[in-house]
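One structure below.
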Amino acid sequence: MHQVTMSREEQIGLVKARLQQAQEVVVLTGAGISAESGVPTFRGDDGIWQHYRATDLATPEAFARDPELVWAFYNWRRELISRVEENRAHRALVVLEQTVPGFTLVTQNVDGLHRRAGSKNLIEVHGNLWRVQCTECARISVDMSVDMGVLPKCKDCGGLLRPDVVWFGESLDGRLLNRAEDAARACDVMLVVGTSGIVYPVAFLPALAKGKGAFVAEINMEETPLSPGLDLTILGKAGDVIPLLVA
Ligand code: BV8
Ligand code: ZN
C-alpha cells in the first residue's frame, strides 16, 4: 500500500493489525525514543554536549588523548540520565513485550532507560553507560554513581576505568550482534523507533528483517536513509505513536 496516500490513523491501524497477527516481534530503538525523557539525541539540534560532537568524544582515540574530557562527557550524561524518567514509549514497549508471543528489543541507547522501564528481552548492542570496564584487567562492573569523579580507577588493580559502551571504531560484542541478527531474521514484524539509521552495523538489521519477509515500520519525526527500504514510516513522536500501537 503506497504510504503517501495513507492517513496517520490508517498507518497506525495497519501496524496494529500486523502486530496482532505477529508471532515474533523485534523493536529496534535509537536515541529518539529517549528524547521525550529529556535525553539529547546525538544528531538533533539540541546537540549532545556543549560544543563537542558525540562522534568526536565516543571514540578510543579521544579517550586515549584526553580521558578526563571523555569522562566529563560521560559524567554529564550520567547526571542527566539519573534525573530523567523513562517515557510513555519505553513503557508501551514493556506492554508490547507482554502482549506478543515472541519479543526482542534491540537498543542502540546506552542510557539504561529500557531496563529501568522493565523491558526483559533486551539487547543493548552498544553497551550501557551504567557499567564500567577496567582498561587494565578488563573487569566489568555496574556502578550507578552519578559522578565517577576524575579518572576513576579499578578497585581490584588500580587501572583506569572506561564506560562499558561501544565507541566509534570499536567492534560490537559478537554474541549480542548475532542475537540481534538472528532475531531480525526470525521476526514477522520489526518496528524501527527513533533512530537516524546511519550507524552501522546496527543499521543493517531492518534490511535483514525485510530480506526475510518481515513487515518493517519506522516511527520517527523525519524520514531517514532507512525509510525507502521499509514498508511504512509513521511520522510522529515515539511517545505519541507507540502507545497507540499497543493500545
Ligand atoms: C564498527 C555508544 C568497525 C557510545 C554508539 C570510520 C572509522 C571507524 C568506523 C567507521 C568509520 N566510518 C563509519 C564507521 C562505522 C561506524 C559508523 O557507522 N559511523 C557512522 C557515524 C557513519 N560504526 C562504528 O564505528 C561501529 N563499529 O563499525 O566497528 C569494526 C568492525 C570490525 C572490527 C573492528 C571494528 C560502532 C558504532 C557504535 C558507536 N557507539 N553509542 C555512546 O552512546 O556514548 S553510537 C551512538 O550513536 C548511539 O548508540 C546510536 O547508535 C548512535 C546515535 O544514533 P541514533 O540512536 O540513531 O540517534 P540520532 O541522534 O542519530 O537520531 C535520533 C533519531 O531520532 C533521529 O532520526 C530523530 O529524527 C529521531 N527522533 C528524535 N526525537 C524523536 C525521534 N523519533 C521519535 N520520537 C521522538 N520524540
Ligand atoms: Zn582492573
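The values are calculated or read from the model by the stated rules, or taken from the named source; none is laboratory data. Note that the structure is predicted; figures quoted are calculated from it, not measured. Cβ placement follows ideal geometry from the backbone for every residue including glycine, while neighbour counts extend to all protein chains displayed. Just so you know, the surface numbers come from the protein's heavy atoms only, side chains and all, with ligands and any DNA or RNA stripped out. Shrake-Rupley method; radii C 1.70, N 1.55, O 1.52, S 1.80 Å.
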(request) Tell me, please, whether a residue that is surrounded by 15 or more Cβ atoms within 10 Å (Cβ to Cβ), of a type in the set (Val, Ile, Thr) and at negative phi can be found in the stretch 136-148. (result) no
(message) If I filter the stretch 158-212 down to residues being surrounded by fewer than 21 Cβ atoms within 10 Å (Cβ to Cβ) and among the polar types (S, T, N, Q), which single residue comes out as nearest to residue 226 (Cα to Cα)?
(response) 196
(message) Restricting to the stretch 134-163, and then to whatever is farther than 30 Å from residue 97 by Cα and not in a loop (DSSP other than H, G, I, E, B), can you tell me which residue is farthest from ligand 1 (Cβ to nearest atom)?
(response) 153
(request) Determine, yes or no, whether residue 86 is assigned to a loop (DSSP other than H, G, I, E, B) and open to solvent by 20 Å² or more (accessible area, probe 1.4 Å). (result) yes
(message) Given the criteria among the β-branched types (Val, Ile, Thr), within 16 Å of ligand 2 (Cβ to nearest atom) and touching a Lys or Arg at 6+ places or on another chain (Cβ under 7 Å), does residue 140 qualify?
(response) yes
(request) Report, by residue number, each residue of the stretch 1-40 that is within 17 Å of residue 235 (Cβ to Cβ), exposed (fewer than 12 other Cβ atoms within 10 Å of the Cβ) and not charged (D, E, K, R). (result) 1, 2, 4, 5, 7
(request) Consider residue 191 carefully, then state whether it is at pLDDT 95 or above, part of a helix (DSSP H, G or I), in the same structural domain as residue 25 (by TED's automatic domain parsing) and in contact with a strand residue (DSSP E or B) (Cβ under 6 Å, 6 or more places away or on another chain). (result) no
(message) Given the options 66, 111, 56, name the one that is in contact with a helix residue (DSSP H, G or I) (Cβ under 7 Å, 6 or more places away or on another chain) and open to solvent by 20 Å² or more (accessible area, probe 1.4 Å).
(response) 56
(message) Being within 20 Å of residue 103 (Cα to Cα), in the same structural domain as residue 24 (by TED's automatic domain parsing) and open to solvent by 30 Å² or more (accessible area, probe 1.4 Å) is the requirement here; does residue 230 meet it?
(response) no
(request) For residue 131, state whether it is open to solvent by 40 Å² or more (accessible area, probe 1.4 Å), within 23 Å of residue 205 (Cβ to Cβ) and within 16 Å of ligand 2 (Cβ to nearest atom). (result) yes
(request) Inspect all residues belonging to the stretch 85-94 and state whether any of them is closer than 29 Å to residue 161 by Cα and in contact (Cβ under 8 Å) with a residue 12 or more places away in the chain. (result) yes
(message) Being more than 12 Å from ligand 1 (Cβ to nearest atom) and either over 30 Å from residue 243 (Cβ atoms) or not hydroxyl-bearing (Ser, Thr, Tyr) (or both) is the requirement here; does residue 189 meet it?
(response) yes
(request) Working only within the stretch 98-116, note down all residues that are touching a Leu at 6+ places or on another chain (Cβ under 7 Å) and outside any loop (DSSP other than H, G, I, E, B). (result) 103, 105, 106, 107, 114, 115
